[in-house]
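The values are calculated or read from the model by the stated rules, or taken from the named source; none is laboratory data. Being a predicted model, the structure only gives us computed values, none of them experimental. Positions of Cβ are backbone-derived with ideal geometry, glycine not excepted, and every protein chain shown enters the neighbour counts.
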Amino acid sequence: MDEFRKEAKEARTRLRKGFWNDIIIERRNIIENATKNGQDIKVVNEFCKRRIINKIREMNKTNDLSEEDIMYKKVCEIMSSNEVLLNPLSKLINHDIYDKLNENAKQSYILKLSEQYVKLKERYDNEHKKEFDIAY
């Protein structure tokens, strides 16, 4: 029940701050520009939906981030940087854990880390995918 009340409180806060009015205006402008440029409305609607979901997630972030959230944040930094990385896993390794492992455990750790990186990279690509250009 507490989780429900928390979500209701966050929704009321968004209403009071005019979050949805801003979203409606922004969405209307994006759709107008897309139709002028002859872009598919379904793609534009999916883009708007992803943006709203991402904005709500950003608003609801708290300090108690899970391990996966921390890793995802690092993956976002890697993907959004203009730096070319030959080994992105080197930025993700937790050396407090890795340095204490034996060779077999290190290999297992790297394999699990690479699987997690691929999964989080796909999540990043889906959330930040732009299938069209928006002219503001």
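Of note:
- Selection of helices (runs of 4 or more DSSP H) fully inside the stretch 17-123 by the criterion of at least 2 residues being surrounded by fewer than 13 Cβ atoms within 10 Å (Cβ to Cβ), charged (D, E, K, R) and on the phi < 0 side of the Ramachandran plot returns 19-36, 41-60, 67-80.
- Some residue of the stretch 75-93 being touching a Pro at 6+ places or on another chain (Cβ under 7 Å) and at pLDDT below 90: yes
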